[in-house]
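Below: the structure, in structure tokens.
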Amino acid sequence: MTFDILQKKKAIIAMAHLGALPGTPLYDARGGMARLIKDVVSDVEKLQAGGVDALMFGNENDRPYQLQASAAGIAAMAAIIEAVKPQLKIPFGVNYLWDPKASIALATATQAFFVREVFTGIFASDMGLWSPDAAGAVRLRQELGRSDLKLLFNINAEFAHSLDARPIELRAASAVFSSLADAILVSGPLTGQPVDGSDLRKVCAAVHPVPVFANTGVTIDNVKDILSVAHGVVIGTHFKKDGHTWNSVDGDRVKRFMEFVNSLP
């Protein structure tokens, strides 16, 4: 089954990490919005030139993370994406960490194709007790007239431990059945750390034919094995200079990765 907005059997979604947004501890007030826009435009150019299938804008630099978006953050992220949109040649999605409703509102405002978030479950996390509202988020999508907006459910959130005792494959199947997930994402324990291969296989079998993506820790060394199971990947850290999450995108790393992926049978 293809992820229909991308029209590819095996899709590579690249992260366009924004710099820290206004109001967050790491925000560069001297550089301001102009610097944020300049940096993400540069990354987007390299990712598109490298041949990725889609982009996802995320506010990974807004550390420490919150479970509810700020008005300033939503406004700034929308403004940045709108400034970048004239450069976009491929589909894009959004993820405002860690707020499903804010992500859907942002996607509506920017006309994004998809949203990634943690929509279901209950977690003990770095941000405290985490209990997202899938029903409210999916209803908001309907209220905003975006029934076409694809929702990518990250079912084992980074920086957190699930308090749900059910095995991961049952939680995935339940998210599809009860919460209308369009795709399932399987993550490692932290940004940049690989997914458990056994978890990935079990989830793929449990939710077939719903697309399943590896959400973290994908590299040129493990992507062949991952794509032999999953429908695609979300990749950020490996595309950065020296493979470091907070660096800018390294265009040569992107090209090498995509050339390798495109050579796979």
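The values are calculated or read from the model by the stated rules, or taken from the named source; none is laboratory data. Worth saying up front: this structure is predicted, and the values here are computed from it rather than measured. Backbone-built Cβ (ideal geometry, glycine too); neighbour counts: all protein chains shown. With ligands, DNA and RNA removed, areas are computed over all heavy atoms of the protein, side chains included. Shrake-Rupley method; radii C 1.70, N 1.55, O 1.52, S 1.80 Å.
Give the whole-number value, in cubic angstrom per residue, of the convex hull volume spanned by the C-alpha atoms of segment 111-264.
So the per-residue Cα hull volume is 126 Å³.
Relative to the present Cα-Cα distance, how much length would full extension add between S42 and A124 at 0.36 nm per residue of separation?
25.9 nm
Under unit Cβ charges (Lys, Arg +1; Asp, Glu -1), what dipole magnitude, rounded to 20 debye, does segment 1-81 have relative to its Cα centre?
That gives a dipole near 100 debye.
What percentages make up the Cα-Cα pair-distance distribution of segment 1-93 when the bins are 5 Å wide from 0?
Calculated P(r), rounded to whole percents: 3, 13, 24, 21, 16, 12, 7, 2, 1, 0.
In whole angstrom, and with the biggest value first, how far do the Cα coordinates of the chain range along each principal axis?
Over the chain, Cα extents along the principal axes are 48, 42, 34 Å.
Could you work out the relative contact order of segment 115-192, using alpha carbon pairs under 8 angstrom and six or more residues apart, expressed as a whole percent?
37
Mind checking which aspartates and glutamates have their C-alpha under 20 Å from K46, skipping anything on the same chain fewer than 8 residues away?
K46 reaches E60, E82, D242, D250, D252, E259.
Output the pairs from K89/K240; K8/K38; K9/K241; K38/K224; K202/K255; K38/K241 with a Cα-Cα distance over 26 Å in this structure; if there are none, say none.
In this structure, K8/K38; K9/K241; K38/K224; K202/K255 lie more than 26 Å apart at Cα.
Starting from the Cα of D252, step 7 Å along the direction of its Cβ; do the same at R166; then give the gap between the two resulting points in nm.
4.8
Quick one: work out the % antiparallel among DSSP beta bridges in segment 48-200, nearest 5.
Percentage antiparallel, nearest 5: 30.
Kindly provide the Kirkwood hydrodynamic radius of segment 1-155 in Å, to one decimal, from all pairs of distinct alpha carbon atoms.
It is 16.0 Å.
When the accessible area of segment 43-167 is split by element with a 1.4 Å probe, what percent falls to carbon and sulfur?
53
Relative to the present Cα-Cα distance, how much length would full extension add between A34 and H244 at 0.36 nm per residue of separation?
73.2 nm
Is segment 13-65 rounded, prolate or oblate when judged by the Cα gyration tensor, a ≥ b ≥ c being the square roots of its eigenvalues, rounded requiring a/c under 1.5 and prolate requiring a/b larger than b/c?
It is oblate, given that a/c is not under 1.5 and a/b is not larger than b/c.
What Kirkwood radius, in Å to one decimal, follows from the Cα pairs of segment 202-259?
Kirkwood radius, segment 202-259: 12.2 Å.
Using every pair of alpha-carbon atoms in segment 144-194, split the distances into 10 Å bins beginning at 0 and state the percent of pairs per bin, rounded to integers.
Reading the bins upward from 0: 23, 48, 24, 5.
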